[in-house]
Amino acid sequence: MDSSNAMAGLGNVDPQLQHFIEVETQKQRFQQLVHQMTELCWEKCMDKPGPKLDSRAETCFVNCVERFIDTSQFILNRLEQTQKSRPAFTESLSD
């Protein structure tokens with residue numbers, strides 16, 4: 001459930017408060033994505049921590065981050081397409 005749907009059920013909410021909550025929710029989602037990406041790429045690319053990052057690990061991290069971003073963007077686009085193709089379904093959920 002996104003913040004706009006959650007806020008819709010609260011009636012007359014101060015628009016500034018609503019905007020603040022939406023911005024903070026977006027920040028939280030971004031932080032979660034960064035944490036997931038860091039954990040995933042660290043586990044995949046870091047064999048043994050040392051004082052310096054070797055070129056193999058650096059390349060692995062770059063590729064891992066790029067794939068994570070590509071995958072996240074693909075999923076978001078897919079969800080948007082699904083929501084656009086099923087407007088009756090989302091309307092029935094809000095009733």
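Laboratory data are not the source of any read-out in this text; all were calculated from the coordinates shown. Bear in mind the structure is a predicted one, so any value in this text is a computation, not a measurement. Cβ coordinates were reconstructed from backbone atoms using ideal geometry, including for glycine residues, and neighbour counts include every protein chain displayed.
The smallest convex shape that holds all Cα atoms of the range 33-91, its convex hull, gives 77 Å³ per residue. Candidate cross-link partners of K52 among the lysines, defined by an alpha-carbon separation under 25 Å and a same-chain spacing of 8 or more, comprise K44. Among the trypsin sites (Lys or Arg not before Pro) found in the range 31-91, those both in a DSSP coil and sparsely packed, with 10 or fewer other Cβ atoms within 10 Å of their Cβ, are K52.
Scalar couplings 3J(HN,Hα) for the range 63-75, obtained by applying the Karplus form with A = 6.51, B = -1.76, C = 1.60 to θ = phi - 60°, are 5, 4, 5, 4, 5, 4, 5, 4, 5, 4, 5, 4, 5 Hz; x denotes Gly and Pro.
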